[in-house]
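The values are calculated or read from the model by the stated rules, or taken from the named source; none is laboratory data. Note that the coordinates shown come from a computational prediction; the quantities given were computed from them, not determined experimentally. Ideal geometry is used to build each Cβ from the backbone, glycine not excepted, and the neighbour counts take in all protein chains shown. Calculation scope for accessible area: heavy atoms of the full protein, side chains included, ligands and nucleic acids excluded. Shrake-Rupley method; radii C 1.70, N 1.55, O 1.52, S 1.80 Å.
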Amino acid sequence: MKLQFAIDTLTTEHALALAAAAAPHVDILELGTPLIKSEGLSAITAIKQAHPDKVVFADLKTMDAGELEADIAFGAGAVLLTVLGSADDSTIAGAVKAAKKHGKGVVVDLIGVADKPTRAKEVLDLGAELVEMHAGLAARAHPRYSL
């Protein structure tokens with residue numbers, strides 16, 4: 001089992017401070033989508049340079065251009081990245097192709113996917129390393145929510 005710490009902040013400076021506090025206690029430093037959108041891929045590079053021994057997980061939530069986006073993120077220092085399970089199979093396969101080329105991994109996020117068990121099997125067959133049973137804030141707010 002590995003312990004993952006999600007860094008859901010908007011600045012690299014704050015992310016570095018949180019990572020420094022968490023790093024001695026965790027295995028994976030997850031950079032949230034808002035951080036990457038706010039600061040760009042330089043946030044990935046900064047965290048990886050500060051913590052080269054940690055798995056840096058870029059929560060990109062890629063929906064298109066899987067191979068291209070994965071190449072860029074892996075080049076910036078990500079070890080894992082997310083692709084949305086609702087993406088076309090070719091997007092997921094492209095990200096997996098880039099992951100294999102870089103010796104990294106793809107996590108498929110099933111947020112918004114209606115038939116999670118079926119899609120999980122499909123994306124594992126496409127070569128995804130991990131599947132994330134993610135429920136978004138909006139979905140969890142519904143009184144009848146169930147994963």
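Annotations for the structure displayed:
- The calculated FRET efficiency for residue 17 paired with residue 64, based on their beta-carbon distance and R0 = 30 Å, is about 0.35.
- Sum of side-chain charges, residue 78 neighbourhood, beta-carbon under 11 Å (Lys, Arg +1; Asp, Glu -1): -2
- Cα long-axis angle, helix 116-125 against the chain (0 to 90 degrees, to the nearest 10): 70
- Against the empirical curve 2.2 N^0.38 Å, the C-alpha radius of gyration of region 9-48 lands at a ratio of 1.05.
- Listed pairs 61/121; 2/101; 54/97; 48/116; 37/121 exceeding 26 Å between Cα atoms: 48/116; 37/121
- Note on the chain: with neighbouring protein chains present and a 1.4 Å probe, carbon and sulfur make up 58 percent of its accessible heavy-atom surface.
- Length available on full extension from residue 90 to residue 45: 0.36 nm per residue minus the Cα-Cα distance, which gives 13.5 nm.
- Accessible surface calculations at 1.4 Å, restricted to protein heavy atoms, place region 1-124 at 47 Å² per residue.
- Spin-label pair residue 8-residue 53: with each label point 7 Å from Cα along the Cα-Cβ axis, the two points sit 2.9 nm from one another.
- Scaling against 2.2 N^0.38 Å puts the C-alpha radius of gyration of the chain at 1.02.
- Assigned charges on the beta-carbon of Lys, Arg, Asp, Glu; region 5-147 dipole about Cα centre (debye): 180
- Nearest-ten-degree value, helix 89-102 long axis tilted from longest Cα axis of the chain: 30
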